[in-house]
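Chemist: Right, I'll just put the structure down here and ask away after.
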């Protein structure tokens, strides 16, 4: 297994403001300095990075700059994260247009994987049809990704219609896309991350590791929260997955580099 880290900790996440009136341009962004994030991740001992699709868009007209940042740090771009509502028929073509652009840029910059979250919760309530729409849309995401030589996976996420075990079960039979467990989001929704990895071993295509404190609620570096990572890592090994483990920390009040180092040292104790 190889270890990577997500750049979100250096600046948090926002949606591009133009997306309020133009869905096709609603990319995710982190506002932190990309060069610092990549350098810090490399210095903490990680081999790869994951970035948001919108941050790739920022480098679309100056690709050599981002390639230089990655090459200088000696890390590779492993994965790109995107997302969409996926349940509204009228805007789905524009959302898939954006996903296609994300996949195109991911491939251009040498990424291996496209990770997506989403599935909007309607103000009027979620319907059974929404899961069918989400599943069908995710099949299209997988097809788009494959067209650019990428492997796609779905990331259950708080605030979407797929947070925990029951909702994930409703979805998995409706789509062929891979599964990207996020240990903290699943646990926050009341699920056992290790149990879900064991339930869907053949669908595991990508992994997000982060720790969690439920009271008070906060995401934490690995080993500083409540999650049973020895069991999570064991479940991953049992599945036969032998690829990238991406550490992610959505929000953190401290130094992002220090947090990356804490998680790296913790994983050194768990992984041979």
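Chemist: Considering segment 237-262 alone, what residues qualify as being in contact (Cβ under 8 Å) with a residue 40 or more places away in the chain, part of a loop (DSSP other than H, G, I, E, B) and touching a helix residue (DSSP H, G or I) at 6+ places or on another chain (Cβ under 7 Å)?
Modeler: 248, 249, 250, 252
Chemist: Taking the criterion of being surrounded by 15 or more Cβ atoms within 10 Å (Cβ to Cβ), within 30 Å of residue 43 (Cα to Cα) and in contact with a helix residue (DSSP H, G or I) (Cβ under 9 Å, 6 or more places away or on another chain), would at least one residue in segment 168-179 satisfy it?
Modeler: Checking segment 168-179: at least one residue is surrounded by 15 or more Cβ atoms within 10 Å (Cβ to Cβ), within 30 Å of residue 43 (Cα to Cα) and in contact with a helix residue (DSSP H, G or I) (Cβ under 9 Å, 6 or more places away or on another chain).
Chemist: Moving on. I need the full set of residues from segment 67-81 which are on the phi < 0 side of the Ramachandran plot and in a loop (DSSP other than H, G, I, E, B), in order please.
Modeler: Answer for segment 67-81, where residues must be on the phi < 0 side of the Ramachandran plot and in a loop (DSSP other than H, G, I, E, B): just 75.
Chemist: Considering each of 51, 80, 75, 87 in turn, give the residue that is farther than 22 Å from residue 156 by Cα and crowded, with 17+ Cβ neighbours inside 10 Å.
Modeler: 75
Chemist: Only one of (1) loosely packed, with under 15 Cβ neighbours inside 10 Å; (2) over 20 Å from residue 29 (Cβ atoms) is not met by residue 61, so which one is it?
Modeler: Result: residue 61 fails condition (2) only.
Chemist: Tell me which of these residue 222 doesn't satisfy, since it passes every other one: (1) under 15 Å from residue 116 (Cβ atoms); (2) crowded, with 23+ Cβ neighbours inside 10 Å; (3) touching a residue at least 40 places away in the same chain (Cβ under 8 Å).
Modeler: (1)
Chemist: Can you find even one residue in segment 34-47 that is at pLDDT 95 or above, under 17 Å from residue 112 (Cα atoms) and buried (at least 22 other Cβ atoms within 10 Å of the Cβ)? It would help to see each step written out before you state the result.
Modeler: Pass one, segment 34-47, residues at pLDDT 95 or above: 34-47.
After this cut, where a residue has to be under 17 Å from residue 112 (Cα atoms) as well, the list is 46-47.
When the remaining residues are screened for being buried (at least 22 other Cβ atoms within 10 Å of the Cβ), the result is 46.
Within segment 34-47, one or more residues are at pLDDT 95 or above, under 17 Å from residue 112 (Cα atoms) and buried (at least 22 other Cβ atoms within 10 Å of the Cβ).
The values are calculated or read from the model by the stated rules, or taken from the named source; none is laboratory data. Small disclaimer: the values here were computed from a predicted structure and weren't measured. FYI the Cβ positions are ideal-geometry reconstructions off the backbone, even for glycines, and counts take in every protein chain you see.
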